[in-house]
Amino acid sequence: MTRLADDGDPRPDPGRGHRWVDNHCHLDGEADAAAVVSEARAAGVAALVTVGTDAARSQACVELATELDGVWATAGVHPHDAVAGTGALVELVDSVLASPGHRLVAVGECGLDYHYDHSPRDVQRRVFAEQIELAHRSGLPLVIHTREAWSDTFSILEEHGLPARTVMHCFTGGPAEAERSVELGAHLSISGIVTFRGAVELREAVAAAPLERLMVETDSPYLAPTPHRGTRNRPAWVSRVGEEVAALQGRPVAEVAAATTANAEAFYGIGPLPAPSSDGERS
């Protein structure tokens, strides 16, 4: 694949040719998830984590992870869906964890979203806290979604205790929020937003963040990176995110690819990962 430089000329994407992990995508909404995974693995994506946002979609993610090579799943209740509660989610997590060979690797995405307020804020806070406790009880990592709610997010984490492995998915804060997250012990997952020139504070935060706390994601099918902005995002484009992180930190792309992949392997307990293949179906 090539991408267009600012002057419109095609040039190779330096993010290609390395091993990546897309640690946050949504395969359950894809018409042909196997084809999406095969494309990603052909592009060097060694693993994909497909993320649940309610009990039914979490179940779908768990099923996809059993069917497709290189895919792992999370289970959670998104703040938009917090009014549904966590009863069905807890039943699902307990059932899956009791199954040998399961590929459930985290609780989430969960958290707070004060931009849309699709669920009342008090309900969001309660359901977020319940999923923090579920992560503690299950020993699984926690995947957090926070938007325009940093103060309450940090307060709830401090009250209930940060799970040993916690990631701020699609991190969109600035240097202060990044520093506070890292101080608490969280990882930062960087999405295609980092390629948007208007995301000044995010880009400043990424430039200064410790590489050992960074992972990369697409959040596909949302948030396609430049130069694909405005189109349906694909896990195969996670290398573009890593390339931008490397540029902001002044590091070789190979170093960022190796570090973020190792970080994801350790965080989700899925390593060491084999080299990706173009065959998306589990053998």
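The values are calculated or read from the model by the stated rules, or taken from the named source; none is laboratory data. Quick caveat: nothing in here was measured; it's all calculated off a predicted structure. FYI the Cβ positions are ideal-geometry reconstructions off the backbone, even for glycines, and counts take in every protein chain you see.
Restricting attention to the stretch 145-181, the residues being more than 28 Å from residue 231 (Cβ to Cβ) and surrounded by fewer than 19 Cβ atoms within 10 Å (Cβ to Cβ) number 14. Filtering the stretch 66-99 down to residues that are assigned to a loop (DSSP other than H, G, I, E, B) and of a type in the set (A, V, I, L, M, F, W, C), which residue is farthest from the chain's Cα centre (by Cα)? By that ranking, first place goes to 98. Regarding the stretch 54-65, can at least one residue be identified that is in contact with a Pro (Cβ under 6 Å, 6 or more places away or on another chain), buried (at least 24 other Cβ atoms within 10 Å of the Cβ) and part of a helix (DSSP H, G or I)? For the stretch 54-65, residues in contact with a Pro (Cβ under 6 Å, 6 or more places away or on another chain), buried (at least 24 other Cβ atoms within 10 Å of the Cβ) and part of a helix (DSSP H, G or I): absent. Candidates 207, 135, 186: the one that is surrounded by fewer than 17 Cβ atoms within 10 Å (Cβ to Cβ) and hydrophobic (A, V, I, L, M, F, W, C) is 207. Scanning the stretch 132-146 for residues that are under 22 Å from residue 202 (Cβ atoms) and either free of Cβ contacts under 8 Å to residues at least 40 places away in the same chain or aliphatic (A, V, I, L, M) (or both) turns up 142, 143, 144, 146. Among residues of the stretch 240-251 that are in contact (Cβ under 8 Å) with a residue 60 or more places away in the chain, those with a Cβ under 8 angstrom from a residue that is among the aromatic types (Phe, Trp, Tyr), sequence gap 6+ or separate chain, pair up as 242/20. The set of residues in the stretch 94-126 that are closer than 23 Å to residue 191 by Cβ and of a type in the set (A, V, I, L, M) comprises 104, 105, 106, 107, 112. Any residue in the stretch 84-103 that is in contact with a Pro (Cβ under 9 Å, 6 or more places away or on another chain), in contact (Cβ under 8 Å) with a residue 12 or more places away in the chain and among the aliphatic types (A, V, I, L, M)? There is no residue in the stretch 84-103 that is in contact with a Pro (Cβ under 9 Å, 6 or more places away or on another chain), in contact (Cβ under 8 Å) with a residue 12 or more places away in the chain and among the aliphatic types (A, V, I, L, M).
With the condition kept exactly as written, say whether any residue in the stretch 100-109 is small (Gly, Ala, Ser), modelled with pLDDT of 95 or more and part of a helix (DSSP H, G or I). So far as the stretch 100-109 goes, no, none of its residues is small (Gly, Ala, Ser), modelled with pLDDT of 95 or more and part of a helix (DSSP H, G or I). Test of understanding: among 151, 181, 119, 189, which residue is in a strand (DSSP E or B) and hydroxyl-bearing (Ser, Thr, Tyr)? Answer to the selection: 189.
Once the stretch 122-131 is narrowed to residues that are more than 15 Å from residue 144 (Cβ to Cβ) and in contact (Cβ under 8 Å) with a residue 24 or more places away in the chain, the residue that is surrounded by the fewest Cβ atoms within 10 Å (Cβ to Cβ) is 123.
The C-beta contact set for the stretch 217-238 (first residue more than 21 Å from residue 28 (Cβ to Cβ), second residue aliphatic (A, V, I, L, M) and at pLDDT 95 or above, distance under 6 angstrom, 6+ apart or interchain) comprises 225/241.
What residue, among those in the stretch 217-243 that are in a helix (DSSP H, G or I) and in contact with a Pro (Cβ under 7 Å, 6 or more places away or on another chain), is surrounded by the most Cβ atoms within 10 Å (Cβ to Cβ)? So, considering only residues that are in a helix (DSSP H, G or I) and in contact with a Pro (Cβ under 7 Å, 6 or more places away or on another chain), the one surrounded by the most Cβ atoms within 10 Å (Cβ to Cβ) is 241.
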